[in-house]
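S.K.: Before I ask anything, let me first share the structure, which is written out below as structure tokens.
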Amino acid sequence: MKIWIQILILTIITFIVITLVTMKIQTPFDGNDTYGFPFTFHVKWSGECIDCPENPTETYYGYLLIDFLISGIIGYGLLKLFKRLKNK
């Protein structure tokens, strides 16, 4: 049970760090704010646009799940790497 908690914590940390590092905030320049790597799971439209949707934000839950699973794989890999380095 302890290993699952460690993997979950590393997954959340990895997800937050990757999202913060790869987000694009372009609102001040009439652009869109995008979050997510490798798949964009949240978009906020802003500024002037011709065919804007009614809702200025859109969240893609499928991409959010895929991004979280990828973060879980990275978190699991980091946990294995830490344990391997600790045993040496």
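Quick note: the coordinates plus some simple rules give every number you see, no bench work behind them. Just so you know, these numbers come straight off a predicted model, no measurement behind them. As a convention, Cβ positions derive from the backbone with ideal geometry for all residues, glycine included, and neighbour counts pool all protein chains shown.
S.K.: What net charge is computed for the residues neighbouring residue 41, neighbours being all others with C-beta under 11 Å from the C-beta of residue 41, Lys and Arg scored +1, Asp and Glu -1?
M.R.: My count for the surroundings of residue 41 gives -2.
S.K.: Can you tell me the 0 to 90 degree angle between the C-alpha axis of helix 61-87 and the longest principal axis of the chain, rounded to 10?
M.R.: Orientation of helix 61-87: about 30 degrees from the principal axis.
S.K.: What is the projected area of the convex hull of the Cα atoms of the chain, averaged over all directions, in nm²?
M.R.: 7.2 nm²
S.K.: Further, regarding this structure: Assuming R0 = 30 Å, can you tell me the calculated FRET efficiency for the pair residue 51 and residue 78, based on Cβ-Cβ distance, to the nearest 0.05?
M.R.: Computed FRET efficiency for residue 51 and residue 78: 0.10.
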